[in-house]
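The values are calculated or read from the model by the stated rules, or taken from the named source; none is laboratory data. Treat the numbers as computed from the prediction; the structure is a model and nothing was measured. Don't worry about glycine lacking a Cβ; one is built from the backbone with ideal geometry, like all the others, and counts go over all protein chains shown. Surface areas here come from the heavy atoms of the whole protein model, side chains and all, with no ligands, DNA or RNA. Shrake-Rupley method; radii C 1.70, N 1.55, O 1.52, S 1.80 Å.
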Amino acid sequence: MIVFYYLLAVNLIAFIIMGYDKTKAMHKERRVPEKRLFLIATIGGALGMLLGMRFFRHKTKHRSFTAGIPALLVLNAVLVMVWFGR
């Protein structure tokens, strides 16, 4: 059950950070480093990051994000399945 809450929290954070970065980009302010965005996606937040990309229309022209985030989502899903033994 704790894994469920962890994934829920990290994906919510990923979604919010994507919106935050979009706002910063629109105002030409200091942004969230791409390395940090990928780190959040890697530790389980890939779904939230992908939904944030779509919802906020942010980073959708960056090949590293359009290919990397879905790949990390698959990796996240595989790790969850391994964790639960399926």
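In plain terms, if you count all Cα to Cα distances in the chain and split them into 10 Å steps from zero, the share in each step is 19, 51, 23, 6, 1 percent.
For the chain, the residue among Leu75, Met53, Met1 whose Cα projects farthest onto the positive side of the dipole built from Cβ charges is Met53. Solvent exposure of the chain, expressed per residue, is 71 Å² of accessible area, with all protein chains present and a 1.4 angstrom probe. Summing Cβ point charges (Lys, Arg +1; Asp, Glu -1) relative to the Cα centre of the chain gives a dipole of roughly 380 debye. The string of couplings for segment 20-36 from the Karplus curve (6.51, -1.76, 1.60, θ = phi - 60°) is 4, 5, 4, 4, 4, 5, 5, 9, 6, 9, 4, 9, 6, x, 4, 4, 5 Hz, one whole number per residue in order, with x for Gly and Pro. At a threshold of 8 angstrom on Cα-Cα distance, excluding pairs fewer than six apart, so keeping six or more, what relative contact order does the chain reach in percent? Answer for the chain is 31 percent.
Largest to smallest in accessible area, the residues Arg31, Arg54, Arg63 fall in the order Arg63, Arg54, Arg31 (1.4 Å probe, all protein chains included).
Stretching the chain fully between Lys24 and Ala71 yields a gain of 14.3 nm (0.36 nm per residue, less the alpha carbon separation).
Each other residue within a Cβ distance under 10 Å of Arg31 adds +1 if Lys or Arg and -1 if Asp or Glu, for a net charge of +2. The 3J(HN,Hα) values that the Karplus relation (6.51, -1.76, 1.60; θ = phi - 60°) gives for segment 8-14 are, in residue order, 4, 5, 5, 6, 5, 4, 4 Hz. Gly and Pro appear as x. Normalising the Debye intensity of segment 7-55 to I(0), with uniform scatterers on Cα atoms only, and taking log10 at q = 0.22, 0.30 Å⁻¹ returns -0.67, -1.08. Total lysine pairs in the chain at Cα distances under 14 Å, for residues eight or more apart or on different chains: 4. When nucleic acids and ligands are ignored and a 1.4 Å probe is applied, Met26 ends up with an accessible area of around 130 Å².
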